[in-house]
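Student: Here it is, the structure, as structure tokens.
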Amino acid sequence: MHFFSLSGNYPYHKACYKENYHPKCDICKHFIPTNATGLIEYRAHPFWSQKYCPFHEHDGTPRCCSCERMESRDTTYVALEDGRKLCLECLDTSIMDITQCQPLYLDIQEFYEGLNMRVEQQVPLLLVERQALNEAMDGEKHGHHHLPETRGLCLSEEQTISTILRRPRMGAGNRFTDMRTEPYKLTRRCEVTAILILYGLPRLLTGSILAHEMMHAWLRLKGYRALSQDVEEGICQVLAHMWLESQLASLSGNNAASSSSSSSSRQRARSPFERKLGEFFKHQIESDTSPIYGNGYRAGNHAVQKYGLERTLDHIRMTGGFPY
Ligand SMILES: [Zn+2]
Ligand SMILES: [Zn+2]
Ligand SMILES: [Zn+2]
């Protein structure tokens, strides 16, 4: 049965009108319901433009811990052992154990060398679960949480960390199980004892976190002292962002830099999704609303654009702040 309504002098077909103009939810695939005042109200992710019924924010629909997209009814996310959920596209390049992480670590070291900022000490890099990361964080004198979740840490205290030895296996119900961890005792030979990174995140995100933590290590080893949090986190975010940009440039492969990029970044063909994901991680850094990470990044980036990285770092060393 068809229903027609009159709109001015033109009859229109209600069902077609609805099909064409009434937005459907990307999560449950139904028409987005009207609210109490008869308006169609929906939420949309600012980067992915995924649009969905507002109630999915409270009905337990999982979000990917990496790209933030919600799980739609026609996909199944995988569950990591520490409770995080990962979409299949992020899973595609995820770093689950230390053997996958080593080439990336070398890549980041080369990146710092290319900036003339070699980190002299061999800092141990450990992949950890969420709980181990939070415990290590509580054991630090100067740690602070990055919302919504801390994903990396540069340690200066002597601690024992539960580190991942073997990647988990995929078990029933898309759940990872059977991961092997081992206690790892850190001893202090210098200002930095280790860098910890949350396991299971895509290569580009893992790398940007690593680039951020390496900058903390560099600052400490170079004797930068008592920086305010927004200056320290801000300049670390600038380096994370720069590394992402260098990766995106080498992904596109149409520049001279790709010939000098390290072997690990050429290991496999990159998907269009990975490029989009890289753009998303850059967007996250740029649009972070926190006063420490977000404002710190924007002030640091402004200074680096204006004066260059080297002069900005010299200025921070002398004054503890960014040049204006
Ligand atoms: Zn919905
Ligand atoms: Zn994802
Ligand atoms: Zn930091």
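Derivation of every value follows stated rules applied to the coordinates shown; laboratory data play no part. From a predicted model like this one, the values you see are computed outputs, not experimental measurements. Virtual Cβ from ideal backbone geometry, glycine too; neighbours counted across all protein chains shown.
Student: Considering only Cα-Cα distances, which of the following residue pairs are longer than 22 Å: Lys282/Lys306; Lys222/Lys282; Lys85/Lys276; Lys51/Lys276; Lys276/Lys306? Present the calculation step by step, with values, prior to reporting the outcome.
Tutor: Values: Lys282/Lys306 20 Å; Lys222/Lys282 27 Å; Lys85/Lys276 19 Å; Lys51/Lys276 18 Å; Lys276/Lys306 28 Å.
Table pairs above 22 Å Cα-Cα are Lys222/Lys282; Lys276/Lys306.
Student: Which ³J(HN,Hα) values, rounded to whole Hz and listed in residue order, are derived for segment 178-186 from phi using the Karplus coefficients 6.51, -1.76 and 1.60 in 6.51 cos²θ - 1.76 cosθ + 1.60 with θ = phi - 60°, glycine and proline given as x?
Tutor: 6, 7, 9, 10, 8, x, 10, 8, 8
Student: Please work out the FRET efficiency for the pair Arg118 and Ser290, using the Cβ-Cβ distance as r and a Förster radius of 30 Å; give the result to the nearest 0.05.
Tutor: On the way: r = 30 Å, r/R0 = 1.01.
For Arg118 and Ser290, the calculated efficiency is 0.50.
Student: Lys185 to Phe55: FRET efficiency via 1/(1 + (r/R0)^6), r the Cβ-Cβ distance, R0 41 Å, to the nearest 0.05? Don't skip to the answer; put the middle values down first.
Tutor: Working: r = 48 Å, r/R0 = 1.17.
That pair, Lys185 with Phe55, gives E of 0.30.
Student: Moving on. Along Cα→Cβ, 7 Å out, is where each label goes; now give me the distance between the ones at Glu71 and Gln131 in nm to one decimal.
Tutor: Label-label distance for Glu71 and Gln131, simple model: 2.0 nm.
Student: Past the 26 angstrom mark, what percentage of all C-alpha to C-alpha distances in segment 126-237 do you count? List each step's numbers first, then the result.
Tutor: Details: 1228 of 6216 pairs.
Every Cα pair in segment 126-237 considered, those over 26 Å come to 20 percent.
Student: Give the share of C-alpha pairs in each 20 angstrom bin for the chain, from 0 to the last occupied bin, in whole percents, shortest bins first.
Tutor: In order of increasing distance, the bins hold 28, 52, 17, 4, 0 percent.
Student: Right, next: Under a Cβ-only charge scheme (Lys and Arg +1, Asp and Glu -1), can you give me the dipole magnitude of segment 98-319 about the Cα centre, in debye to the nearest 20? Don't skip to the end; give the middle numbers.
Tutor: Working: 26 positive and 25 negative charges, 114 e Å.
Computed charge dipole of segment 98-319: roughly 540 debye.
Student: To the nearest 0.05, what FRET efficiency results for Leu39 and Lys306 with a Förster distance of 35 Å applied to their C-beta separation? Write out the running numbers ahead of the final one.
Tutor: Details: r = 45 Å, r/R0 = 1.30.
In this case the efficiency is close to 0.15.
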